[in-house]
1. Taking ALA161 and the conditions (1) in a helix (DSSP H, G or I); (2) open to solvent by 10 Å² or more (accessible area, probe 1.4 Å); (3) not β-branched (Val, Ile, Thr), which numbered condition does it fall short on, given that it satisfies the others?
2. Criterion first (open to solvent by 10 Å² or more (accessible area, probe 1.4 Å), over 24 Å from ALA32 (Cβ atoms) and in a helix (DSSP H, G or I)) does PRO176 satisfy it?
3. Answer yes if at least one residue in region 228-235 is surrounded by fewer than 18 Cβ atoms within 10 Å (Cβ to Cβ) and in contact (Cβ under 8 Å) with a residue 40 or more places away in the chain, and no otherwise.
4. Would you please list the contacts, defined by Cβ atoms under 9 Å and residues six or more apart or on different chains, that run from a residue in region 18-41 that is over 14 Å from ILE65 (Cα atoms) and of a type in the set (Gly, Ala, Ser) to a residue that is open to solvent by 70 Å² or more (accessible area, probe 1.4 Å) and within 15 Å of ligand 1 (Cβ to nearest atom)?
5. Working carefully through the options ILE52, ILE16, find the one that is touching a Ser or Thr at 6+ places or on another chain (Cβ under 7 Å) and either more than 16 Å from ligand 2 (Cβ to nearest atom) or of a type outside the set (Gly, Ala, Ser) (or both).
6. If you scan region 10-55, which residues turn out to be in contact with a Leu (Cβ under 7 Å, 6 or more places away or on another chain), away from ligand 1 (no atom under 12 Å from the Cβ) and either at positive phi or not in a loop (DSSP other than H, G, I, E, B) (or both)?
7. Would you please list the contacts, defined by Cβ atoms under 9 Å and residues six or more apart or on different chains, that run from a residue in region 90-114 that is of a type outside the set (Asp, Glu) to a residue that is modelled with pLDDT under 95 and more than 16 Å from ligand 2 (Cβ to nearest atom)?
8. Looking only at region 116-136, filter to residues that are within 16 Å of ligand 2 (Cβ to nearest atom) and open to solvent by less than 10 Å² (accessible area, probe 1.4 Å); which one of those is nearest to ILE221 (Cα to Cα)?
Amino acid sequence: MIIDPRNKYSIGIIPIQHQKEPGLDAKLTPPADHGEASYKGAGKLAGRKALITGGDSGIGRAVAIAYAREGADVAISFLPSEQTDADDVFTAIEQTGQLAVALPGDLADEKFARKLVHDAHDALGGLDIIVNNAGKQIFNDDITTLPTEQLVETFTVNLFAMVWIVQEAVKHYLKPGATIINTTSIVATQPSPGLIDYAATKGAITTLTKGLSQQLAPKGITVNGVAPGPIWTPLQPSYGQSPEKLTKFGEDTPLGRPGQPAELAGAYVYLASADASYVSGEIIGVTGGRLR
Ligand code: NAD
Ligand code: MG
């Protein structure tokens, strides 16, 4: 069946809405699509063991559902306040018969971030896919008012926790054939003026991904990234955008609409699968046609 990508989804009018941080998928209006009704697995990740940070909602949720339907056991990390979103993901994973592991905690806490890797490994009985996807994004369009606390926390959650997780995983568990996938963003190369600190973390993540790919290829470990454009997730109405921007979210992409988390799953499945055996240091853009 041929689908016109411009109107694969009709999101309709996005009402003004606000949530406290972190936002919940359950409160997103209109609701997002994570592939619950559509993603069909083909055994591409049979027997694999994946840790997905921020797997409770948004892009991470779509990846968790797709990975389980492809035959992987999945551990997800999330903040304790997101337990209800996480429960919805577990229901979806358990329907596939795959193992689902919940690892709540704050990635800004280095001890938690490091222990997370060991807990995921022990609960899954192995670990060979790491999806570093958790992220913090707080809108601020005036550099003179950017709070130091926000600057430090955004870098800690988005970048430093990623390094801590990779350190533990590489040191203890990742063997040849394992893969690391980092969620970066189109703003790494097209920074929006209201997301300076966030965009800087994404620039750093892109560079980290490329550099790490060079360091880990000799160990048989691939490292890649995905750069989403504007995707309809709870990150956006929880201080991620200005309210005016939110109601027109994604309309200015060449395809004329925001993306849905479900439209990201294929890129993450591809990069984790044997289909991507000769791919490392690559960033796949899923941007609605926006150039990076
Ligand atoms: P989301 O809110 O659904 O996911 C982000 C997740 O990060 C949360 O679910 C939360 O569990 C986790 N997180 C945040 N702070 C944390 C902390 N201190 N400790 C532990 N976990 C924490 O939103 P999303 O849009 O799906 O975001 C996923 C990734 O995609 C992020 O890295 C984000 O930067 C990136 N991204 C999103 C967009 C977009 O338009 N939505 C665009 C480009 C990149
Ligand atoms: Mg969430």
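1. (2)
2. no
3. no
4. GLY23/TYR239; ALA26/THR84; ALA26/ASP88
5. Result of the check over ILE52, ILE16: ILE16.
6. Across region 10-55, the qualifying residues are LYS49, LEU51.
7. ALA100/GLU94
8. Per the stated criteria, the residue is VAL131.
The values are calculated or read from the model by the stated rules, or taken from the named source; none is laboratory data. Source: prediction; values computed, not measured. Don't worry about glycine lacking a Cβ; one is built from the backbone with ideal geometry, like all the others, and counts go over all protein chains shown. Protein only, heavy atoms only, side chains kept; ligands, DNA and RNA dropped before computing areas. Shrake-Rupley method; radii C 1.70, N 1.55, O 1.52, S 1.80 Å.
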